[in-house]
Amino acid sequence: MDISVKAPAKINLTLDVLHKRPDGYHDLEMVMTTVDLADRIDLTEITGGIRLQSTSGFVPFDDRNLAYRAAALIKERFGITKGVNILIHKRIPVAAGLAGGSSDAAATLRGLNKMWNLGLSTEELGELGLALGSDVPFCVQGGTAIARGRGEQLTPLSPPPPCWVVLAKPPHGVSTVEVFQALKMEKITTRPNLEGMLNALDKKDFDQVCEQLANVLEGVTMATYPKVRFLKERMATFGAEGVLMSGSGPTVFGLVKKESVAFRVVNGLRGFCRQVYAVRMLGGLKENSLE
Ligand code: ATP
């Protein structure tokens, strides 16, 4: 049986770093939600090992690819001797703060669970996925959630009010590891107000969601890449109602209520940035929308 799975990008509505742990990871507190900018993963059973193809030359084609590693993990853990060809139709920009690789890994886990009738629950797939990356457990379940710990302790939330999300990805990629290394905990002055964001989501108050957007990594990435600040300012000027950098960056997103305004922002940004998208917020759709 061949299977095609959707791997949507995520954005962070809030991102807080609580402290550095003895194991080197940071304890995080984030509100994440999926958006309708997605890779598609086609899985085809083959005899033997794992083959990987991608429509983008910017991803690794060997066992450094997170989708490849997801398949290897499943094969090893469940003693599967059959092989799989993984074809990644890449739309999510790479090293962008949108969890593209993690979402490919999560989609591969979901797809192989089905293809090989493993009967694993979303929670079990998330636990497996944590070994591949901190954002994988969230990507397995999708929707909207608070993510704590490394990102694996998930509390589902009511979705953001329906709106448009404009995404602008500067030409350079950012290494998440380097951003965390550059973060000085004592220099964090303003932190997200989690209660404020939860309240805004609960009330489906678009203006309040926009007001509560906050990411403590933004200043760190901006210090090296001033283009992030520049794009935020431009997005606001062209009409985005709330603007923030996603994850460790460098992608900047803007929330917009009206479609016409979203496309005005996209057109305005095109002169400054090649990779610009207007997509719908996905946080409200049910899990099976990931099929
Ligand atoms: P996050 O928001 O989870 O930190 P990101 O959006 O910043 O992730 P990715 O697009 O996942 O970053 O890419 C990070 C690194 O992972 C890149 O250097 C890339 O080479 C590698 N990578 C491995 N597999 C994939 C994949 N399937 N798609 C994209 N990048 C991948």
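None of the figures in this text is laboratory data; all of them are computed from the coordinates on show. For clarity, every value in this text was computed on a predicted model and none was experimentally measured. Every residue, glycine among them, receives a Cβ derived from its backbone with ideal geometry; neighbour counts consider all protein chains shown.
Worth a mention:
- Every helix of 4 or more DSSP H residues in the chain counts as -39500 (n - 2.57), and over all residues that averages to -10000 deg cm²/dmol at 222 nm.
- Compared with the dominant Cα axis of the chain, that is its longest principal axis, helix 259-269 is turned about 90°.
- Between 0 and 90°, nearest 10: helix 194-203 axis offset from the chain longest Cα axis: 90 degrees
- Region 176-195 and region 1-72 have Cα centres lying 23 Å from one another.
- Candidates Pro250, Pro192, Pro226, ranked by Gaussian network fluctuation over the chain, Cα under 10 Å, top entry: Pro226
- Close amide-amide hydrogen proximity is noted between Ser56 and Lys90, each under 5 Å apart and 5 or more residues distant or on a separate chain (H modeled in the peptide plane; Pro and chain starts excluded).
- Estimated FRET transfer efficiency when R0 is 22 angstrom, pair Tyr25-Ser175 (beta carbons, to 0.05): 0.90
- The convex hull around the C-alpha trace of region 164-205, projected and averaged over every direction, spans 5.1 square nanometres.
- Hz values of 3J(HN,Hα) by residue in region 26-40 - Karplus curve (6.51, -1.76, 1.60), Gly and Pro given as x: 10, 7, 10, 9, 9, 9, 10, 8, 8, 10, 8, 10, 9, 7, 10
- Square roots of five times the Cα gyration tensor eigenvalues for the chain, Å: 31, 20, 19
- Both radii were evaluated on the Cα set of region 187-291; the Rg over Rh quotient, with Rh as the Kirkwood radius, amounts to 0.98.
- Kirkwood hydrodynamic radius over Cα pairs of region 1-146, then Stokes diffusion coefficient at 37 °C and 0.692 mPa s, in µm²/s: 213 µm²/s
- Over 19 Å (Cα to Cα) - which of Lys20/Lys187; Lys169/Lys227; Lys6/Lys232; Lys20/Lys232 fall in this group: Lys6/Lys232; Lys20/Lys232
- Candidates Met245, Met281, Met185: whichever shows maximal mean-square fluctuation once the chain is modelled as a Gaussian network with Cα springs under 10 Å: Met185
- Rounded Å value of the spacing that divides the Cα centres of region 266-281 and region 231-245: 11 Å
- Choice from Ser121, Ser248, Ser56 with maximal GNM fluctuation in the chain (Cα, 10 Å cutoff): Ser121
- Highest average packing first - 100-110, 140-150, Cβ atoms within 10 Å: 100-110, 140-150
- Computed on region 75-128, the Cα convex hull volume stands at 97 Å³ per residue.
- The aspartates and glutamates within cross-link reach of Lys82, meaning a Cα-to-Cα straight distance under 12 Å and a gap of 8 or more places when in the same chain, are Glu45.
- Angle between the chain longest axis and helix 100-115 axis [Cα atoms, degrees, rounded to 10]: 40 degrees
- Only lysines eight or more places from Lys203 in sequence, or on another chain, were considered; those with a Cα closer than 21 Å are Lys257, Lys258, Lys286.
- Size of electric dipole in the chain: Cβ of Lys, Arg +1 and of Asp, Glu -1, about Cα centre, debye, nearest 20: 800 debye
- 25 °C / 0.890 mPa s Stokes-Einstein diffusion coefficient of region 143-189, Kirkwood radius on C-alpha pairs, µm²/s: 171 µm²/s
- Taking amide H atoms as placed 1.01 Å from N in the peptide plane, the amide H of His26 lies under 5 Å from those of Arg21, each 5 or more residues away in sequence or on another chain.
- Size of charge dipole - region 164-280 - debye, nearest 20, with Cβ of Lys, Arg +1 and Asp, Glu -1, no other charges: 460 debye
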